[in-house]
Amino acid sequence: MAVPKRRTSKTRRDKRRANWKLSTPNLIECPQCHTKKLSHRVCPECGYYKGREAVVVE
């Protein structure tokens, strides 16, 4: 079984983990009410999805 000869330094470890950033969600404009929403989901403002009313919003 392979075993590391030397301990990995904190700098080397942290450099490897530097690219683990969170990305911002891809927001699109709702075609009905023009608010920002997540793609492939019902609009929380108007309740429309793919041009039809999916959820009744009060």
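The table below gives the values:
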quantity	calculated
Condition check for residue 29: charged (D, E, K, R) and in contact (Cβ under 8 Å) with a residue 12 or more places away in the chain	no
Filter result (over 22 Å from the mean Cα position of the chain (by Cα), aliphatic (A, V, I, L, M) and modelled with pLDDT of 90 or more) within the range 1-21	2, 3
Qualifying residue in the range 22-36 (condition: within 19 Å of the chain's Cα centre (by Cα), at pLDDT 90 or above and in a helix (DSSP H, G or I))	no
In the range 48-58, residue modelled with the lowest pLDDT [restricted to those that are over 16 Å from residue 27 (Cα atoms) and part of a loop (DSSP other than H, G, I, E, B)]	58
Scope the range 1-21; condition polar (S, T, N, Q) and assigned to a loop (DSSP other than H, G, I, E, B); matching residues	8, 9
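The values are calculated or read from the model by the stated rules, or taken from the named source; none is laboratory data. Worth saying up front: this structure is predicted, and the values here are computed from it rather than measured. We place every Cβ from the backbone using ideal geometry, glycine too, and count neighbours over all the protein chains shown.
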